[in-house]
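The values are calculated or read from the model by the stated rules, or taken from the named source; none is laboratory data. Bear in mind the structure is a predicted one, so any value in this text is a computation, not a measurement. No Cβ is skipped: glycine too gets one built from the backbone with ideal geometry, and neighbour counts run over all protein chains shown. What goes into the accessible areas is simple: the full protein's heavy atoms, side chains included, and nothing from ligands, DNA or RNA. Shrake-Rupley method; radii C 1.70, N 1.55, O 1.52, S 1.80 Å.
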Amino acid sequence: MISTEGMMKYDDMMSILKCRHCGEITSPPLVQCRKGHVYCRTCKVDNKIIQCNTCKQTFVDAPNLALDQLIRMIAIPCKYGNRGCLEYVFLDSRLQHETLCKYRPVHCQYEKHGCTSVFSMKDMCWHHKMCEYANYPHPNVLPSMPTRKKGQKSGTDPAEELGNGSVTTANLNNSVSVNSISQQQLVDPVSPVDQAVDLMTDLARPSVEVQTEIKLFPGVLSIK
């Protein structure tokens, strides 16, 4: 099978096959003027066009069978490509695809209550949840969303706050009180507990005179 890559100017071909009235790709049977500009048959009939908008020539009554056959052999982009569809389909399956295309525009199901929104089929389910007419005649009350950002913890470590620079007034007051206690301990390093321990140690330690009498007279202990 021969590859057609680089052998056909696809974009130029699509611009030639666009209807001069609606701008969409035409479908057989085509209608053309005497200079070859093509139109959709429905556009010509519905709008009662009697001459070409481009060259002002009249239309040819005879169909162009060769051009009709060539169009059937070309994959044409979906008509909802401006809404995001990237599919290319042949004319034989174009109608089926566009009928089921998830990018086709649809009206809100609450249109009869006053909603005028039009979304792609794939996005309409989200609109129905948020539509103000969803609970008609009562207002549609949406749930309140949390204010906490995604990924933010409910409780933070003070060390992390210092590292992140988010120090509050309470943290500053706590740090000041801790620093004042540390300075007081430096000025008066001996606490009352240490003084009591030193006093009990002195009372339990024998005096020099008692130690001398113990050495001179073993077994005799006199305390004056």
Pull out all pairs, ordered by first then second residue, where Cβ-Cβ is under 8 Å, the residues are six or more apart or on different chains, the first lies in the range 36-64 and is touching a residue at least 40 places away in the same chain (Cβ under 8 Å) and farther than 12 Å from His21 by Cβ, and the second is among the hydrophobic types (A, V, I, L, M, F, W, C) and assigned to a loop (DSSP other than H, G, I, E, B). none
Select from the range 39-50 the residues that are in a loop (DSSP other than H, G, I, E, B) and of a type in the set (A, V, I, L, M) and write down the one among them that is most open to solvent (accessible area, probe 1.4 Å). Ile50
Just the residues that are β-branched (Val, Ile, Thr) and open to solvent by 60 Å² or more (accessible area, probe 1.4 Å), please, taken from the range 88-124. Thr99, Thr116, Val118
Across the range 51-69, the tally of residues that are part of a loop (DSSP other than H, G, I, E, B) and out of contact with any Lys or Arg (no Cβ under 9 Å at 6 or more places or on another chain) stands at 6
Given the condition at negative phi, of a type in the set (A, V, I, L, M, F, W, C), surrounded by 17 or more Cβ atoms within 10 Å (Cβ to Cβ) and modelled with pLDDT of 90 or more, answer yes or no: does some residue in the range 53-70 qualify? no
Out of the residues in the range 1-38 that are surrounded by fewer than 12 Cβ atoms within 10 Å (Cβ to Cβ) and charged (D, E, K, R), which is nearest to the chain's Cα centre (by Cα)? Asp11
Every residue in the range 65-111 that is charged (D, E, K, R) and within 15 Å of Glu24 (Cβ to Cβ), please. Lys79, Arg83, Arg94, Glu98, Arg104
